[in-house]
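Nothing in this text is a laboratory measurement; each read-out follows from the coordinates by a stated rule. For clarity, every value in this text was computed on a predicted model and none was experimentally measured. Neighbour counts are summed over all protein chains in view; Cβ atoms, including those assigned to glycine, are modelled from backbone coordinates with ideal geometry.
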Number of protein chains: 2
Amino acid sequence: MSERLLSIYGPGLLGGSLALALQDRMPEVKLRFWARREQARESIKARGIEAEFFTDPMAAAAGASLIILCTPVETMPDLARQIAQVTLEADCLVTDVGSVKASVVNRLTPILGSRFVGSHPMAGSEKTGIQAARADLFQNAACLLTPTAQTQASYLQRLRDFWTTLGCRLLEFSPEEHDEKVARISHLPHMMATVTTLAALRSDPSAVACVAGGFRDTTRVAAGDPSLWTGIAAGNRAALTTLLHEASRTLAELTHLVETGDDEGLQRFLTEAKALRDTVPLSLPRSRA
Amino acid sequence: MSERLLSIYGPGLLGGSLALALQDRMPEVKLRFWARREQARESIKARGIEAEFFTDPMAAAAGASLIILCTPVETMPDLARQIAQVTLEADCLVTDVGSVKASVVNRLTPILGSRFVGSHPMAGSEKTGIQAARADLFQNAACLLTPTAQTQASYLQRLRDFWTTLGCRLLEFSPEEHDEKVARISHLPHMMATVTTLAALRSDPSAVACVAGGFRDTTRVAAGDPSLWTGIAAGNRAALTTLLHEASRTLAELTHLVETGDDEGLQRFLTEAKALRDTVPLSLPRSRA
């Protein structure tokens with residue numbers, strides 16, 4: 001493993017959790033943080049993270065062996081252009097943790113070349129900011145890597161080693177396959193949680209007094225950052241739209257069964273859903289509801 | 001509090017949790033269980049519950065000061081008819097824990113008279129059976145009581161005291177209001193979880209390898225018992241159908257925003273959902289995901 005100096009761009013939930021996990025798992029690696037605002041320095045320190053701090057993206061890149069972009073995906077191309085102006089270490093690997101991959105990989109590869117490989121650790125929370133960061137965020141999480149034909153094998157292997165050290169299970173997809181998979185298991189569920197919340201409470205907010213664990217869990221992610229999720233939806237518009245139409249057809253199918261009193265059909269529908277839901281792995285990172 | 005001998009019909013998740021909670025909170029009260037099958041006796045004992053055991057619904061009712069029906073709602077009218085044939089204690093209060101109330105109250109009140117008052121503790125799990133029962137299931141749960149014009153005040157007050165002793169927050173609604181509220185915050189979310197699961201995984205079950213906490217929580221209840229939920233949907237068909245149509249309109253609204261790239265509108269939609277989701281009380285019974 002040739003990681004020596006690791007530069008994290010964006011001290012939010014993911015960047016902060018990475019730093020905390022790295023202090024545990026790779027204590028020999030030096031850490032840097034880049035943030036747009038000088039004030040971030042204090043919140044990093046407040047979480048007990050020892051790191052050099054920069055507000056200049058070029059200064060934060062010089063000398064790094066591994067650069068990880070943990071900002072919203074919209075910000076990444078601009079950061080990549082500034083990083084590419086620096087004389088980087090010969091073996092400097094750049095990755096990101098963005099929730100969409102085709103748009104990120106297609107925009108960053110021309111700028112950064114074969115040293116860029118996309119990552120997407122499937123870990124997060126409806127909470128945001130370094131205050132919500134935790135060292136075990138990546139433990140047992142799936143991490144989706146998106147190498148392309150241009151990816152150098154040595155960079156890919158280093159990236160695999162890196163995420164494995166943090167406790168992730170690895171999966172590899174093309175950027176387009178990645179976006180289709182996560183539209184299914186992350187972006188669609190997020191959108192459905194917002195639909196459920198609005199359909200349930202918009203016309204009677206007082207019903208919230210009756211909620212139990214089912215509503216709480218089914219809608220938890222709807223408390224996520226609206227601006228972040230607008231960006232994610234924009235970055236995966238085609239795949240998400242396809243899935244939303246699929247959900248609409250499935251909802252119509254269910255509504256018909258309930259409305260017409262087809263209880264046998266409804267039980268088959270619920271049984272099919274249960275069988276699929278029962279395939280979810282039991283060991284996933286804990287959420288904090 | 002005049003509870004002396006409490007007879008629980010149905011040793012499942014709710015009946016078993018009631019018995020465990022009562023052993024903690026009202027140790028002076030004697031417990032009985034009625035179950036259809038003799039084999040249930042062993043699983044009750046295996047959970048450390050001290051109770052008399054009956055397979056005859058009439059024998060289980062005689063002498064009880066409080067009868068709680070914890071069976072599927074379809075079974076309740078038949079049990080009530082048998083219970084009504086017994087010479088019950090003069091102050092015997094009968095309640096249930098069913099997830100729908102208008103159909104239960106309308107069918108059980110003519111059979112049991114003013115001694116019947118409906119309850120719905122908002123606590124449960126996608127798991128079923130006495131194996132999943134736990135003493136703290138009702139702690140901090142909302143419990144919805146559904147008195148009617150026929151309800152005697154003294155029975156209602158005893159029911160309030162009973163659930164309060166188990167740690168519940170009380171809310172009171174007419175049976176019809178109850179069904180409308182729980183369609184919003186329980187039955188709709190359950191159905192949406194099954195739709196999300198099917199839309200996400202039906203056409204690509206392998207995507208489950210990528211799931212994280214968001215999918216796990218958003219779809220958790222879809223692992224619930226299909227037969228139980230078919231009964232609940234049948235018992236609350238009108239209110240649930242209305243909500244499913246509302247969800248369908250809301251999903252169409254969201255799909256249009258995503259599809260047309262109206263990011264400003266999408267952010268407003270997500271912000272409205274977050275504001276409503278943020279009203280969910282923080283202290284709810286824990287779920288075991």
Gyration tensor (Cα) of the protein assembly as shown, equivalent ellipsoid semi-axes in angstrom: 52, 24, 20
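With an 8 Å Cα cut-off and a minimum separation of 6 or more residues, compute the relative contact order for chain A in percent.
Numbers: 443 pairs, mean separation 50.1, N = 289.
Normalised by residue count, the contact order of chain A is 17 percent.
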So, how do all the Cα-to-Cα distances of the stretch A:102-241 break down into 5 Å bins, in percent, from 0 on up? 2, 9, 15, 17, 18, 16, 10, 5, 4, 2, 1, 0
Along the charge dipole of the stretch A:143-198, Cβ charges K/R +1 and D/E -1, which of A:H190, A:L159, A:T148 sits furthest on the positive end? A:L159
In debye, nearest 20, what is the charge dipole magnitude of chain B about its Cα centre with +1 on Lys and Arg Cβ and -1 on Asp and Glu Cβ, if you could check? 640
Spin-label pair A:E264/A:T75, simplified geometry with 7 Å Cα→Cβ offset, distance in nm: 5.8
Over the stretch A:5-173, what number does the Rg to Rh ratio reach, with both radii from the alpha-carbon atoms and Rh per Kirkwood? 0.92
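Per residue of B:256-266, how many C-beta atoms from partner chains lie within 10 Å of its own C-beta, taken as a mean?
Details: counts 2, 4, 12, 7, 2, 4, 1, 6, 1, 1, 8.
Mean partner-chain Cβ count within 10 Å for B:256-266: 4.
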Can you give me the distance in nm between label points at A:A238 and A:S2, each placed 7 Å from the Cα along the Cα-to-Cβ direction? 3.5
Please report, in Å, the Rg and the Dmax of chain B, where both are computed over Cα atoms only. 20.7, 69
Bins of 10 Å from zero: percent of alpha-carbon pairs in the stretch A:178-277: 13, 37, 38, 12, 0
Averaged across A:123-129, how many Cβ atoms of other chains sit within 10 Å of each residue's Cβ atom? 2
Positive end of the charge dipole of chain A (Lys, Arg +1 and Asp, Glu -1 on Cβ, about the Cα centre): tell me which of A:P121, A:A35, A:P77 has its Cα farthest that way. A:A35
Work out the mean other chain Cβ neighbour count within 10 Å for the residues of A:133-144 and drop it here as an integer. 1
A:T87/A:E176 FRET efficiency (R0 51 Å; Cβ-Cβ; nearest 0.05): 0.95
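Given a Förster radius of 41 Å and the C-beta distance between A:R107 and A:T165 as r, what FRET efficiency does 1/(1 + (r/R0)^6) yield to the nearest 0.05?
Working: r = 28 Å, r/R0 = 0.68.
After rounding, the FRET efficiency stands at 0.90.
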Counting only the backbone N, which residues of the stretch B:127-169 are under 16 Å from the spot 7 Å out from the Cα of B:E42 toward its beta-carbon? B:130-131
With only alpha-carbon atoms in the gyration tensor, what are the semi-axes of the equivalent ellipsoid for the stretch B:95-161, in Å, largest first? 24, 14, 9
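Anything over 29 Å Cα to Cα? Flag those among A:K181/B:K274; B:K45/B:K181; A:K101/B:K181; B:K127/B:K181; B:K45/B:K101; A:K127/B:K101, in the order listed.
Values: A:K181/B:K274 25 Å; B:K45/B:K181 36 Å; A:K101/B:K181 41 Å; B:K127/B:K181 23 Å; B:K45/B:K101 31 Å; A:K127/B:K101 36 Å.
Listed pairs above 29 Å: B:K45/B:K181; A:K101/B:K181; B:K45/B:K101; A:K127/B:K101.
Using helices alone, I'd like the mean residue ellipticity at 222 nm for chain B: each DSSP H run of four-plus residues gives -39500 (n - 2.57), total over residue count, nearest 500.
Details: 12 runs with 135 residues, N = 289.
For chain B, the value works out to -14000 deg cm²/dmol.
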Those Cys residues of chain A for which no other cysteine Cβ falls under 4.7 Å: A:C70, A:C92, A:C210
Estimated FRET transfer efficiency when R0 is 22 angstrom, pair A:M26-A:N140 (beta carbons, to 0.05): 0.75
